[in-house]
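Everything on this sheet refers to the single structure shown next.
Any read-out appearing in this document is the output of simple, stated calculations on the displayed coordinates, not a laboratory observation. It should be emphasised that the depicted structure is a prediction, and the values quoted were computed from it without experimental measurement. As a convention, Cβ positions derive from the backbone with ideal geometry for all residues, glycine included, and neighbour counts pool all protein chains shown.
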Amino acid sequence: MNHLEEYRRVVSDPSDYARQLQKTSGKKIIGYTCSYTPEEVIMAAGAHPLRLFGTKQNISLADSHLQSYCCSIVRGILEEGLSGRVDYLDGMVFPHTCDSMQRLSDIWRMNIPFGFHLDITLPVKLDTVSAKDYMIDVLKKFRDDLGRKLNVEISDEALQKAITTTNAIRQSIRAIYDIRNLYPQLMPGDDLYNIVRASMIMDRDRLAVMLAETAAELKERAAGAKPADMKRIMLAGGMCNQPDVYAMIEDAGGGIVWDDFCTGARYFTGLIDTGRDPLAGIGERLLNRVVCPAKHADLDGRARHIIGLVKEKNARGVIFLLFKFCDPHAFDYPYLKERLDEAGIPLMIAEVDDSLPAGGQLRTRFEAFLEML
Amino acid sequence: MTDNTQNNEIKTINYEKQMRDIMTTYYIDAKTAGQNNKKVAWITSGGPVEPLIAMDIIPVYPENHGAMIGASKMGVDLCKKAEEMGYSSDLCSYARGDISCATVNGGPIGGLPEPDMLVCCNNICGTVLKWYEVQARYFKVPLFIFDTPIVHTEFTPEMKTYVQRQMEEYILFLEGVCGRKMDWDRMKEVGKLSFEGQQLWQEVLDTAISRPSPLTAFDAFFYLALIVTLRGTQQAVDYYRGLRDEMRRRASEGKGAIPRERYRLLWDNLPIWYRLKWLSKEFAQHDACLVADTYTSAWCGSLKYINENDFIGSAAESYTRIYLNIGVDQMAEIVLSMIDKYGADGIVMHSNRSCKPYSFGQYDIQKIVQRERGIPSLMLEADMCDERNFSEAQIQTRIEAFMEMIRASKGAS
Ligand code: SF4
Ligand code: SF4
């Protein structure tokens, strides 16, 4: 397929891509850390939003700012900053999520000399009227702060246009997910992984076009395809920084049909209402999307969501990927397990980090789990 | 009763015993709340307890329970139980201890009294949010989340409005659960008492400015219980007034908390509950007194934001701008001011695996202290309740090396 190679290349070296883009387009590059970032506001400011995911490089500098019991995402992002590998960033925004990210924002602000620094202090609870009002207030403040930093006026029209673009991107990724859900054999999981990640790295206007094409191509391929004999699996957790995991599961006979990652389905689920106040629309989506465990919407929304997806996508089991030292997800796991058990859905947990457990341990566990299904 | 008459009695009062008695009575009251038609609320240590007191609801603190679990060395067992339930061993050991304790009614006091409601204020961490969600599912009682946005650099008008509105929602929530209205006169009174209690607690801690200091941080960890649990009551005010006077008396008589105080140190982060005695002996052996700490002072750290005549009106700011809910650089500034205020020769930092918001940033604070005050610092890797993360031999060696540095730097100056 046409664009897969490009997605892959971008994901393997986002900094190289971002530097090029900065040079050719003249756009300011704004880094961010979490999927609660209102990308549309950054786009409407004429800048380019770039999500940081951590690093594949060895950590050496971040260790003098973060103890050993910090997750690899936070540690990796800090390393990228301290090492200067992302010194092309014109600014960095930190939406409030978990405790570790909260401190990353401070440590970044206190130690990284390049680019401006902005916090987006979102509400933690999302299910009350005052929280909703506060969400909108925070978005307004972010629009003002960012406009001031970039010296631009962020207009409603520009916001509407950005919303149209991200909506298109999200629709295309959903279309790809939908087809893969029926025919997982048509596209390996790591291509899907690259697509979602690339959509947080690449120029969004170009991406909207590319993704539409990719979706159309996949649809063509699907014509006449037969359902494959694969064990249908859903992934859950925060995110996955390990494309190898997809291949391991597929090698063991699994087809990854859906996920509940913030670098996955949680990213494209929920479109923004157009034709109304744009910030209210953006806020509404953030409030209503599937909740991240670092935020509170209700007591068992996540279990209901995952069980609902398993049924809807006809998955046979769930693999929960947990980052070592990730508190919000680790707190959710026992109750999710309990609910999934009650619903008769097999669940396996795998602790992943930026390096996978040695000796093919994980592969063996995947095989055992899939065999049992 | 005036301060004078109290002074006469004080000499005969054993404040440790009195504290234990008060806490015992408190827990008995809490455990028998149902029989007395009283409601019990579980609340986080940094949460606004005053409206509960004013509504005659008994506040219970799972974190205080966590500390008791730690101090009675039951942490490892209960943490292991939580791990069997599927909770990662990397999670906060207060939370692990409390979550597993709830299912077995074990622990030092046979479990906490069951809650009628849960009040979770996230001004200390995001862990409490998850922890209270777990308990809300387990006990099936209403949960109120008091969301205090982190003040990285500025306390914005948006934040103020949001938190203030939640204060109104909170009181409505309490009225709903209790089926009766808030008595606003009583609320006013409780607000005043809370303010007074916090002031007195600050004055207790301030007696450590004297040389030698009449109290150590280890004492403060113990005396802290009332300002956490009974803030807003006359009882806490009376107790701390007496304690303050007693400490002042000791200071004026030159009575130090340790036999020979030659070095003065500052403690950072939560106590290591299961090793308090051991640690205090270790430091005393080196003639070092831990004169102050960032932990116990957090319960009077936002006095400057409180309007004692409009407690509820100023609560948005005073509950949001507490020690753990501010940027690391602001925390460093508070540490520096404490070093100056208490005349510290060094700082001991507990790098606490359980508590990420308290611990991440410590390395930066350490560097700032080094740069700005040039005093030695010691980083102890441990955990407040889970003894499996404590290596006595290693810590002993590190304390020795640190004290060597302190001696050298004091000698040189
Ligand atoms: S949510 Fe988990 S993985 Fe993500 S930054 Fe926070 S602790 Fe790390
Ligand atoms: S010890 Fe830290 S993580 Fe645990 S409840 Fe207290 S503030 Fe939260």
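Observations on the model:
- Each 5 Å bin, from zero up to the one with the longest distance, holds this percent of the alpha carbon pairs of the range B:186-412: 1, 7, 14, 18, 19, 17, 12, 7, 3, 1, 0, 0.
- Net charge of neighbours whose Cβ lies under 13 Å from the Cβ of A:Arg103, counting Lys and Arg as +1 and Asp and Glu as -1: -3
- Alpha-carbon centroid distance for the pair the range B:31-62 / the range B:185-204, whole angstrom: 17 Å
- Gyration tensor (alpha-carbon) shape descriptor, the range A:318-372, a/c threshold 1.5: oblate
- Chain B: radius of gyration and largest Cα-Cα distance (Dmax), Å: 20.8, 67
- Cα-based convex hull volume of the protein assembly as shown per residue, rounded to whole Å³: 163 Å³
- Nearest-ten-degree value, helix A:278-288 long axis tilted from longest Cα axis of chain A: 30 degrees
- Exposed loop sites here are GluC sites (Glu not before Pro) assigned a DSSP state other than H, G, I, E or B and surrounded by at most 11 other beta carbons within 10 Å; excluding them, the longest clear run of chain B is B:254-413.
- GluC sites (Glu not before Pro) restricted to the range A:71-167 and DSSP loop, no more than 15 other C-beta within 10 Å: A:Glu153
- C-alpha long axis of helix B:392-412 to longest principal axis of chain B, angle in °: 60 degrees
- Surrounding net charge for A:Ser155, when Lys and Arg each add one and Asp and Glu each subtract one, Cβ distance under 11 Å: -1
- Whole-angstrom gap from the range A:20-51 to the range B:267-314, using each part's C-alpha centre: 43 Å
- Pairwise Cα inverse-distance average, inverted: Kirkwood Rh of the range A:218-373 (Å): 16.9 Å
- All Cα pairs of the range A:119-216, percent lying beyond 20 Å: 56 percent
- Directionally averaged shadow of the range B:95-149, computed from the convex hull of its alpha-carbon atoms, nm²: 3.7 nm²
- When its C-alpha radius of gyration is set against 2.2 N^0.38 Å (N residues), the range B:3-183 gives a value of 1.15.
- Evaluating kT/(6 pi eta Rh) at 10 °C and 1.306 mPa s, with the Kirkwood radius of the range A:158-215 over Cα pairs in the Stokes-Einstein relation, gives 136 µm² s⁻¹.
- Between B:Ile28 and B:Ser89, the FRET efficiency from the beta-carbon distance, with R0 = 35 Å, is close to 0.55.
- Point-charge dipole on Cβ atoms (K/R +1, D/E -1) for the range B:186-412, about Cα centre, debye to 20: 300 debye
- FRET E, pair A:Ser12, A:Glu157, Förster distance 35 Å, beta-carbon r, rounded to 0.05: 0.45
- Cα gyration tensor shape of the range B:19-70, rounded if a/c is under 1.5, else prolate or oblate by comparing a/b with b/c: oblate
- Mean per-residue shielding of peptide A:99-112 is 6, counting Cβ atoms of other chains within 10 Å of each Cβ.
- Among the listed pairs B:Lys130/B:Lys356; B:Lys130/B:Lys181; B:Lys341/B:Lys410; A:Lys27/A:Lys161, those beyond 20 Å (Cα-Cα): B:Lys130/B:Lys181
- GNM top mover of B:Cys101, B:Cys178, B:Cys300 - chain B, alpha-carbon springs below 10 Å: B:Cys178
- Simple spin-label estimate for A:Asp145 and A:Ala216 in nanometres, 7 Å along Cα-Cβ: 4.1 nm
- Per-residue mean of foreign Cβ neighbours for B:117-125 is 1 (Cβ atoms of other chains, 10 Å radius).
- For the range B:186-412: relative contact order, % (alpha-carbon pairs under 8 angstrom, 6 or more apart): 21 percent
- Shielding by partners for peptide B:83-90, expressed as the average number of C-beta atoms from other protein chains within 10 Å of each residue's C-beta, is 5.
- The rule of thumb for compact globular proteins, 2.2 N^0.38 Å, goes into the C-alpha radius of gyration of chain A 0.96 times.
- Looking at the range B:186-412 alone, DSSP beta bridges between its own residues are antiparallel in about 0 percent of cases.
- The fewest-to-most ranking of A:Trp258, B:Trp201, B:Trp184 by surrounding Cβ atoms within 10 Å reads B:Trp184, A:Trp258, B:Trp201.
- As a rough footprinting exposure proxy, the listed residues A:His96, B:His286, A:His296 were ranked by other beta carbons within 10 Å of their own, and the order from fewest upward is B:His286, A:His96, A:His296.
- Only lysines eight or more places from A:Lys226 in sequence, or on another chain, were considered; those with a Cα closer than 19 Å are A:Lys313.
- Label positions at B:Lys17 and B:Arg186, each projected 7 Å from the Cα along the C-beta direction, are separated by 3.4 nm.
- Rg and Dmax of the range A:1-125, both derived from C-alpha coordinates alone, stand at 14.6, 45 Å.
- Assigned charges on the beta-carbon of Lys, Arg, Asp, Glu; the range B:3-183 dipole about Cα centre (debye): 440 debye
- On the beta carbon distance between B:Glu253 and B:Ala401, with R0 = 45 Å, the FRET formula returns roughly 0.80.
- Applying the criteria of a DSSP loop state and at most 11 other Cβ atoms within 10 Å to the chymotrypsin sites (Phe, Trp or Tyr not before Pro) of the range A:274-373 yields no site.
- Check: the protein assembly as shown dipole with +1 on Lys, Arg Cβ and -1 on Asp, Glu Cβ, in debye: 340 debye
- Added length on full extension, which subtracts the Cα-Cα distance from 0.36 nm per residue, A:Arg206 to A:Gln20: 65.5 nm
- Ordered by the count of other Cβ atoms within 10 Å of each Cβ, fewest first, B:Tyr305, B:Tyr263 give B:Tyr305, B:Tyr263.
- Applying the criteria of a DSSP loop state and at most 14 other Cβ atoms within 10 Å to the trypsin sites (Lys or Arg not before Pro) of the range B:106-173 yields B:Lys140.
- In the range B:121-252, one over the average inverse separation of all distinct C-alpha pairs is 17.6 Å, which is the Kirkwood hydrodynamic radius.
- Environment charge at A:Arg232 (Cβ cut-off 9 Å; Lys +1, Arg +1, Asp -1, Glu -1): +3
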